[in-house]
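Student: Take a look at this one; I'll ask things after.
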């Protein structure tokens, strides 16, 4: 296989999840303005937040000249100008390159250098240009990811634009829809350690939960977290909050990183029920999620908060899908409301759902420890939760039960019995 033939590998074979890079130094030697722009955009991507990336001009010759007098970084990215100088240039670079430095080459469609020869000369990755931002991010992060333990999980963060808007209710019902209607194994993590309601909503009373993991002296592994989970259904588990005030729950920015990373390895979908507060760890959890849903009521304060949150999160995640939002408790009697169209105009985007105000239905569900779909699968809100689950996960098809070959006979017997 030649370097040129690598471009025929379909994008669908790539893993959607890109593991963040560790604290490494990266220097890129670019030739074209397009590659320079892609690397500049990659430098501010959330997955390269710990890396220190600098950009220089000149390609292979500039890299060889630069490292004659200075040590090489952890990663060197080199854009090549033509197909004839790659192997020769790599041989010259090897004479000035420190051991352990990893080299990424950005080539052209006309490159005919055999990929085996590139690897033999120490190239860690080869990318056919023109490259986009995610190509650069994926290449750098891929150098440090463990391929034997490729993450399979998708993290969905759900948070309220204001307290009391029903974000936890939305999170729990959406997780239920993901597990039941989309048949994806899922875990809900209640991150409101002091006042979380997930255990009440799912009618569970676990003795252990998220507090045991976050306060553990050892790095949590899959087996340890598995023991902390409360089983809700065949496809849904809960990492519950203690909901006690016996201690103060102050966390550092990275307090939950190890827990999320561990769960990604084994669980297809992780739903984060994030409390309405703005701190280092909540901001980090939101930015680090694969998808974000903001829940807001149709009033002025919610509109302002939602707009601010969307703007901040979009700026911090320029290479991810923009956060989504939905409206909650729409149509409350005697309450002046901002219409969905006015809300969308201010936010500059439409809500993915407008969940109706129904205190009887939601109150009954909360008091009974049930989901809305358990009480009424045909309720408008039940269908909306399924639609939200589909949009957040990208799974458009709802699971349908397999029909038995005896179904026609059973249906006739039932019809006869009713007659």
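No lab work stands behind these numbers, since they all come straight from the coordinates. Treat the numbers as computed from the prediction; the structure is a model and nothing was measured. Note that we place each Cβ from the backbone using ideal geometry, even for glycine, and neighbour counts take in every protein chain shown.
Student: Any chance you could give the angle, 0 to 90 degrees and rounded to 10, that helix 380-393 forms with the longest Cα principal axis of the chain?
Tutor: Its long axis makes an angle of about 10 degrees.
Student: What does DSSP give for the chain in terms of the percent of beta bridges that are antiparallel, rounded to the nearest 5?
Tutor: Restricted to the chain, the bridges split so that about 5 percent are antiparallel.
Student: Would you indicate which of [x] 4, 22, 34, 27, 11, 2, 0; [y] 4, 19, 25, 21, 16, 10, 4, 1, 0, 0; [z] 4, 20, 29, 29, 16, 3, 0 is the value of P(r) over Cα pairs in 10 Å bins from 0, in percent derived from the coordinates of this structure?
Tutor: [y]
Student: With the contact rule set at Cα under 8 Å and sequence spacing of 6 or more, what percent relative contact order holds for the chain?
Tutor: Here the relative contact order equals 16 percent.
Student: Could you work out how much longer the chain between residue 50 and residue 370 gets when fully extended? Use 0.36 nm per residue separation minus the Cα distance between them, nm to one decimal.
Tutor: Additional length available on full extension: 111.0 nm.
Student: Once the Cβ-Cβ distance between residue 312 and residue 222 is put in as r, and R0 is 35 Å, what FRET efficiency do you end up with, to the nearest 0.05?
Tutor: About 0.60, to the nearest 0.05.
Student: Work out, step by step, the length gained on full extension between residue 68 and residue 231: first 0.36 nm times the residue separation, then minus their alpha carbon distance; give nm to one decimal.
Tutor: 52.7 nm
Student: Using only C-alpha atoms and all pairs of different ones, pull out the Kirkwood radius for the stretch 131-227 in Å with one decimal.
Tutor: 16.5
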